[in-house]
Amino acid sequence: MTASSISPVDSAPVEKPKRGELTIQQSGRIIGAMVAVLWAIEIIDTIVNHRFDRYGVQPRTLSGLRGIPLAPLLHANFRHLIGNTIPLAAMGWLVLVGGVQRLVRTTVVIVVVSGMGMWLFGGSNTVHLGASGVVFGYLGYLLLRGVFSRKIGQIALGLLVLVLYGGLIWGLLPTPSGVSWQGHLFGLFGGILVARIEAQPSVHDETSGKVIPTTVV
C-alpha cells in the first residue's frame with residue numbers, strides 16, 4: 001500500500017477577496033465602464049452642439065435641481081473631461097476595491113452634497129457641470145477615512161493619495177476663472193461625511209442580533 005501524495009499546488013491556500021470586495025481586475029473593469037460612459041456622453045454632446053450642458057446645476061432655480069444627479073455626467077469640453085478622467089478613475093478604483101456598495105454609497109452622498117452646495121451657493125445665471133465634485137469627494141473620503149477609523153492601512157493609503165493628488169486642494173479656493181469651487185468644496189465635505197459615518201462605532205443588539213450604529217457626541 002502506498003501513501004497518497006498531495007502536490008504543493010493542491011495544498012497551497014487560495015486567497016479569495018472578502019465578501020462584497022472585488023478583485024483588482026473586477027474593479028478596473030467597472031471603473032473603465034464608468035469612464036467610458038462619461039466619454040460617450042461627451043462625444044454625443046459635442047455632436048449635438050453641447051445641448052446637454054443646460055442640464056447642469058442652475059443655482060436657486062427649480063429646474064436647476066435636476067442638475068444635481070446629471071451634472072457629474074456632463075462636461076464643458078474634452079479638455080474638461082480629460083482633466084477629470086485620471087483622478088476620477090484612480091481614486092474611484094481605490095474606493096471600489098472595498099465593494100460596489102461602498103462606491104455607490106459614497107458616490108451618491110458626494111453627488112447630493114456637492115450638487116446642493118452648487119445649487120445653494122453658486123453664482124446666479126450660471127450652469128455648473130462636471131465630475132470634479134465627485135473627484136474632490138473621493139479625495140476627502142480617502143484622505144480622512146483612516147483618520148476616523150484609526151486603521152494603519154487606510155492612513156497609509158490616505159498619505160499616498162495626499163502625495164499624488166494633494167495639489168487638488170487649491171481647487172477649493174474661490175476663483176474668477178469659471179471653475180465651480182463650490183462643487184469642489186461641498187464634494188470634499190460629502191466625502192468626509194461618508195468617511196465619518198463609516199467610522200462610527202457600533203454595538204450588538206443581543207435581542208435581535210443586529211448591529212446598531214451608535215453616535216458619539
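Values for this structure:
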{"read-out": "Flag if P59 is at pLDDT 95 or above and closer than 19 Å to L144 by Cα", "value": "no"}
{"read-out": "Test: residue in region 7-15 that is closer than 14 Å to F78 by Cα and either surrounded by fewer than 10 Cβ atoms within 10 Å (Cβ to Cβ) or modelled with pLDDT of 95 or more (or both)", "value": "no"}
{"read-out": "Unmet criterion (only one of (1) free of Cβ contacts under 8 Å to residues at least 24 places away in the same chain; (2) over 19 Å from G167 (Cα atoms); (3) charged (D, E, K, R)) for R79", "value": "(2)"}
{"read-out": "Search result, residues across region 110-135 that are outside any helix (DSSP H, G or I) and not β-branched (V, I, T)", "value": "G122, G123, S124, N125, H128, L129, G130, A131"}
{"read-out": "Selected residue (only one of V179, V203 is more than 18 Å from the chain's Cα centre (by Cα), under 15 Å from N84 (Cα atoms) and at pLDDT below 95)", "value": "V179"}
{"read-out": "Which listed residue is more than 21 Å from P72 (Cβ to Cβ) and either without any contact (Cβ under 8 Å) to a residue 40 or more places away in the chain or surrounded by 13 or more Cβ atoms within 10 Å (Cβ to Cβ) (or both), from L143, L168, L157", "value": "L157"}
{"read-out": "Condition broken by G178, with the remaining ones in (1) loosely packed, with under 15 Cβ neighbours inside 10 Å; (2) over 21 Å from G64 (Cα atoms) satisfied", "value": "(2)"}
{"read-out": "Top-ranked residue in region 79-92 [being closer than 12 Å to L142 by Cα and among the aliphatic types (A, V, I, L, M); ranked as surrounded by the most Cβ atoms within 10 Å (Cβ to Cβ)]", "value": "M91"}
{"read-out": "Region 56-77, residues that are assigned to a helix (DSSP H, G or I) and over 21 Å from the mean Cα position of the chain (by Cα)", "value": "S63, G64"}
{"read-out": "Check on G64, closer than 21 Å to Q182 by Cα and buried (at least 16 other Cβ atoms within 10 Å of the Cβ)", "value": "yes"}
{"read-out": "Matching option when the condition is hydroxyl-bearing (S, T, Y) and at pLDDT below 95, among S124, S114", "value": "S124"}
{"read-out": "Residues within region 93-139 that are small (G, A, S), surrounded by fewer than 22 Cβ atoms within 10 Å (Cβ to Cβ) and farther than 22 Å from S63 by Cβ, tallied", "value": "2"}
{"read-out": "Residues of region 42-61 classified as surrounded by 16 or more Cβ atoms within 10 Å (Cβ to Cβ), among the hydrophobic types (A, V, I, L, M, F, W, C) and over 20 Å from V113 (Cβ atoms), total", "value": "1"}
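The values are calculated or read from the model by the stated rules, or taken from the named source; none is laboratory data. Just so it is clear, the structure is predicted and the values come from calculations on it, not from any experiment. Ideal geometry is used to build each Cβ from the backbone, glycine not excepted, and the neighbour counts take in all protein chains shown.
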